[in-house]
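Reviewing the structure listed below.
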Amino acid sequence: MADLFQDDPPPPAAAPPESAPLADRLRPQRLDEVVGQEHLTGPEGAIGRMVAAGKLASIVLWGPPGTGKTTIARLLADAVGMRFVAISAVFSGVADLKKVFAEARDFAKAGRQTLLFVDEIHRFNRAQQDGFLPYVENGTVVLVGATTENPSFELNAALLSRAQVLILNRLDSKALCRLLDRAEALMDRPLPLTPEARDALVATVDGDGRFLLNQAETLFSVEVPQPLDPAALSALLHRRMPVYDKDREGHYNLISALHKAIRGSDPQAALYYLARMLVAGEEPLYVLRRLVRAAVEDIGLADPQALVQCIAAKDTYDFLGSPEGELAIVQACLYLATAPKSNGVYAAQKAAWRSARDTGSLMPPKNILNAPTRLMKEIGYGKGYSYDHDVPEGFSGDDYWPEDMEPQTFYRPSDRGFEKRIAERLAWWDERRAEKKS
């Protein structure tokens, strides 16, 4: 540490050599060169305001891959004259952290603050995350963490309370096109693509700027007699698979979107989210389980065939496997999305469960209790019971509620689909009961 007590800021980093990857050579040198994150880096953004004030707070940068998290952290240190130290939670442990904090203390004594950038911070366990707290609180380091995962789930509350979470956007087509313009300017020649192929390239990178520049570098390295059209581009480059981790937030976001599109009777959107999950490698049986849940929660008796369709789809998938069996999943999804909707069964369950907890162990009325012994008959079990099939219209109108409990209404059918007929039937039975009481 020869520069431990050096007062002057270090010289700017040398420009990457021409042999460096294109993405590295195009790395922004100033915050205003970062594309797609102007809501943070602009004058009114959280980062822009920090830089203008010359004072940084600890932050967590949350966003998809290739959106500029590492670049922003490095430029933040440069913008306010702080020492920059970067570690990765994938390769670092407690010993590495202790060394970083010890060095940061020495630099702090010399009047130089350290910005500690922790990539993949969510990979540190809870105890390791707690280890940051005293050094963040006493100002030994300003922590800038980067994560692709939802901090609410992956970072502990104590650390989150000491850091501001800033959300980076997936790069839109405008931002990605600006990156391609910069790449062409640096290479002093256009990409060998037709306008349609250029648009296709942007569309295939899933908002990842780094991946886009890596693809552009491949294109610059090939010699073609004429610009590539979309088909030729697809043959040359492999399409980037969507970001989808089956035990992370993206998994839950898409299954939630699928369920709500079904509930909202939008078959097109429901099919889109179903495709997103299955194309990305989601387990089909997991999707089928959610479809079954939607059938009973959001459709229920408005269309009793909805549940039948889902179970049939599960059996079909078990029988055919993938990919043929996935067509049955599509059919079930579309059936649910286009079926009449009712949450009557779902609401009835919640109401009945709540009443059961509240009323405890009330005895059913004796007339509907079986009397297999002489004693039970003598004390009134089964006395006065009307066998419904033996009375006119197959309906006795008896009261089946405990003596100390007023009849309650849990299930309220809608006027949609099959439930409309159920509602008519219930109304007729209610009239017969009222007539019997009168």
### Summary
For the chain, the Cα gyration tensor yields equivalent-ellipsoid semi-axes (√(5λ), largest first, whole Å) of 63, 32, 17
### Message
On the principal axes of its Cα set, how long, how wide and how thick is region 175-244? Give whole Å, largest value first.
### Response
37, 25, 19
### Query
Taking the Cα-to-Cβ direction at Arg412 and at Asp358 and moving 7 Å from each Cα, how far apart do the two end points lie in nm?
1.4 nm
#### Entry: ³J(HN,Hα), Karplus 6.51/-1.76/1.60, whole Hz, each residue of region 346-355, x for Gly, Pro
4, 5, 5, 4, 4, 5, 5, 5, 5, 5
#### Entry: Theoretical gain in end-to-end length, Glu403 to Ala158 [0.36 nm per residue, Cα-Cα removed]
82.8 nm
### Query
Which whole-percent values make up P(r) of region 383-438 when all C-alpha to C-alpha distances are grouped in 10 Å steps starting at zero?
20, 45, 31, 4, 0
### Message
If you roll a 1.4 angstrom probe over the protein chains with everything in place, what fraction of the accessible area of the chain belongs to carbon and sulfur, to the nearest %?
### Response
54 percent
### Message
Distance between the C-alpha centers of region 126-161 and region 54-85? Whole Å please.
### Response
15 Å
### Task
Specify, per residue and in Å³, the volume enclosed by the convex hull of the alpha carbon atoms belonging to region 311-438.
197 Å³
### Message
Loop-only trypsin sites (Lys or Arg not before Pro) in region 7-98, please: DSSP not H, G, I, E or B, and at most 12 other Cβ atoms within 10 Å.
### Response
Arg30, Lys55
### Query
Distance from the Cα centre of region 412-438 to that of region 314-344, in angstrom?
32 Å
### Message
Of the candidates Val85, Val60, Val141, which one comes out as most mobile in a Gaussian network treatment of the chain with C-alpha springs shorter than 10 Å?
### Response
Val85
### Message
Run the numbers for Asp390 and Lys420: contour at 0.36 nm per residue of separation, minus the present Cα-Cα distance, in nm.
### Response
8.0 nm
### Query
Each residue of region 359-364 in turn: what ³J(HN,Hα) in whole Hz from Karplus with 6.51, -1.76, 1.60 and θ = phi - 60°, glycine and Pro shown as x?
8, x, 10, 4, 7, x
### Summary
Taking placed amide H atoms and a strict 5 Å upper bound, the residues 5 or more places from Val165 or on another chain that come that close are Val60
#### Entry: In sequence order, calculated HN-Hα J values of region 257-268 (Karplus, 6.51, -1.76, 1.60; Hz; x Gly/Pro)
5, 4, 4, 6, 5, 5, 4, x, 6, 10, x, 5
### Message
7 Å from Cα along Cα→Cβ at both Glu18 and Glu33: what's the point-to-point distance in nm?
### Response
1.9 nm
### Message
Could you check the spin-label model distance between Asp318 and Ala427? Points 7 Å from the Cα along Cα→Cβ, value in nm.
### Response
4.1 nm
### Task
For Gln37, list long-range residues whose amide hydrogen, built 1.01 Å from N in the peptide plane, is under 5 Å from its own amide hydrogen.
none
### Query
If the limit is 26 Å between Cα atoms, which of Lys383/Lys420; Lys69/Lys98; Lys350/Lys420 go over it?
Lys383/Lys420
## Note on the structure
Per residue, the convex hull enclosing the Cα atoms of region 207-346 spans a volume in Å³ of 127 Å³
### Message
Probe of 1.4 angstrom, ligands and nucleic acids ignored: what's the accessible area per residue over region 279-438, in square angstrom?
### Response
65 Å²
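The values are calculated or read from the model by the stated rules, or taken from the named source; none is laboratory data. On a predicted model such as this, the values are computed, not experimentally measured, just so you know. When we count neighbours, we look across all protein chains shown, and the Cβ atoms used for this are built from the backbone with ideal geometry, even at glycine. The accessibility values were calculated without ligands, DNA or RNA, using every heavy atom of the protein model including side chains. Shrake-Rupley method; radii C 1.70, N 1.55, O 1.52, S 1.80 Å.
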